[in-house]
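Report on the following structure.
Bear in mind that the values in this text are calculations on the coordinates, not laboratory data. Only a predicted model underlies this, so the values are computations on that prediction, with no experimental measurement involved. Here the Cβ is made from the backbone with ideal geometry for all residues, glycine too, and neighbour counts use every protein chain on show.
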Amino acid sequence: MNKELMEALDLLEKEKQISRDVLFDAIENSLIAACKNHFGKADNVHVEINRETADFLCYAEKEVVEEVFDPATEISLEDAKKIKGDAAIGDMVNVDINSKEFGRIAAQNARNVITQKIREEERSVVYNIYYEKEKDVVTGIVQRYVGKNISIDLGKADALLTENERVKTEVFRPTERIKVYVLEVKNTTKGPRILVSRTHPELVKRLFEEEVTEIKDGTVVIKSIAREAGSRTKIAVWSDNPNVDAVGACVGMNGARVNAIVEELRGEKIDVINWDENPGNLIQNALSPAKIVNVFADPEEKTAKVVVPDYQLSLAIGKEGQNARLAARLTGYKIDIKSETQAKDAFGFRIEDYMDDEDYDEEYDEEYDGEYEETDGEEN
């Protein structure tokens, strides 16, 4: 029996990752509960289990008295001497309890105690596993649609991808494998409740960390990220190693690395730019692919006026203002974009007159002077 019990405990420990000590404690508590059910009380009952052999001893501590009024806690001197030859009135004697004498109800209750403890520990183990994965990316299998939400099988638990955390353009099929960002893990009486997201900016960041070795080892650092899920993401990267091209490392050879992430995000466009401590340069990078004439940034007010060639205005602003909006989120600056013509009318001077000689590109001016045309963002 003890060998079978040890094998059962070993199996539970491996399959459900429940500590054997916890299981032994559950057995001890179940025997105490059975004693209470059988005798009416169990305050004086003790259970000892050998963790190596699973041999157990169940006994009640009783007081030796002349006349027994409570058999559960008292024992006569005559009966006590059978257990302990030198027993005397007032002594405490340990009386063995034969668990085989327990009735069916007591045995059933003991089994329920063990089962309940196993379920609680199993829920606790699963909660701890996924609590450690909170704010990280995991791979799951699409199970089914629950209204407008989606149930995701993560292996040992199910997660919920709510409508608010879904990309509207994404449609998933059952059994499809997808990567999700673990937003929150809550411990409930029915097990862990796991909320995941496909829209969170950190999803893109974690995907880059998985795909780009230089980010994983800290050579390249993601300084900022701005995302409109399902459409476009801008990510600013930086490296303190002069021999490392931060943007090139993230893009990969022939775009292999960034394309793998784009594929996982179902075609979402990703702009990878260089981070720069100079706010003017950073804003210029953030507004790519648009060409910038000049940037007037105010670090204290966190505002910036950006001047672009007339024909680049639409491209700088982007469709429905997306490019400018993401650049503002990425840099933390409120950005006001004007074409050269608009700037001249607003400021009353030519931009090149305001710029330092070293910043003014005469060749650029000669090439485009008088030939700007506002289009949909395409250069004529």
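Under the 0.36 nm per residue contour assumption, what length would be gained going from the current alpha-carbon distance of Thr213 and Asn50 to full extension?
On the way: separation 163, 0.36 × 163 = 58.68 nm, distance 4.98 nm.
Gain on extension, Thr213 to Asn50, equals 53.7 nm.
Going through the cross-link list Lys205/Lys344; Lys156/Lys216; Lys190/Lys223, which pairs have a Cα-Cα distance over 29 Å in this structure? Working shown, then result.
On the way: Lys205/Lys344 40 Å; Lys156/Lys216 27 Å; Lys190/Lys223 39 Å.
Going by Cα-Cα distance, Lys205/Lys344; Lys190/Lys223 fall outside the 29 Å limit.
On the beta carbon distance between Thr175 and Leu11, with R0 = 30 Å, the FRET formula returns roughly 0.50. The distance between label points at Lys302 and Asp25 comes to 4.8 nm (points 7 Å beyond Cα on the Cα→Cβ vector).
Report the relative contact order of the chain, percent, no decimals, based on alpha-carbon pairs under 8 angstrom and at least 6 residues apart.
Values: 624 pairs, mean separation 32.5, N = 380.
Relative contact order, the chain: 9 percent.
Simple spin-label estimate for Ile83 and Lys156 gives 4.3 nm between the two label positions (7 Å along the Cα-to-Cβ direction from each Cα). Build a GNM of the chain with springs between Cα atoms under 10 Å apart, and of Val138, Val126, Val64 the one that fluctuates most is Val64.
The candidate values are [x] 21.7, 67; [y] 35.7, 120; [z] 36.1, 124; the one derived from this structure for Rg and Dmax of the Cα atoms in Å carries the label [y]. Residues with beta-carbon under 15 Å from that of Lys117, excluding Lys117: net charge, scoring Lys, Arg +1 and Asp, Glu -1? Spelling it out: positives minus negatives among the neighbours equals -2. Multiplying the residue separation of Asp70 and Tyr145 by 0.36 nm and removing their Cα-Cα distance gives an extension gain of 20.9 nm. Between region 111-147 and region 246-315, the alpha-carbon centres lie 41 Å apart.
Between Tyr131 and Arg111, what FRET efficiency follows from the Cβ-Cβ distance if R0 is 41 Å, with the result rounded to 0.05? Don't skip to the end; give the middle numbers.
Values: r = 30 Å, r/R0 = 0.73.
Once rounded, the FRET efficiency stands at 0.85.
Note on Leu287, Leu203, Leu57, Leu9: ascending count of other Cβ atoms within 10 Å places them as Leu57, Leu9, Leu203, Leu287, the fewest first.
How much net charge surrounds Thr219 when only other residues with a Cβ under 13 Å from its Cβ are counted (Lys, Arg +1; Asp, Glu -1)? Residues near Thr219 contribute -4 overall. Footprinting exposure proxy ranking of Trp238, Trp275, fewest other C-beta atoms within 10 angstrom first, gives Trp238, Trp275. Of Val22, Val258, Val180, the residue with the greatest mean-square motion in the GNM of the chain, using alpha carbon springs below 10 Å, is Val22.
Could you give the size of the charge dipole of the chain about its Cα centre, using +1 on the Cβ of each K and R and -1 on the Cβ of each D and E, expressed in debye and rounded to the nearest 20? Can you show the working numbers first?
Working: 51 positive and 79 negative charges, 568 e Å.
For the chain, the charge dipole is close to 2720 debye.
Of all DSSP bridge pairs formed entirely within the chain, close to 70 percent run antiparallel. In terms of other Cβ atoms within 10 Å, Asp345, Asp310 run from fewest to most in the order Asp345, Asp310.
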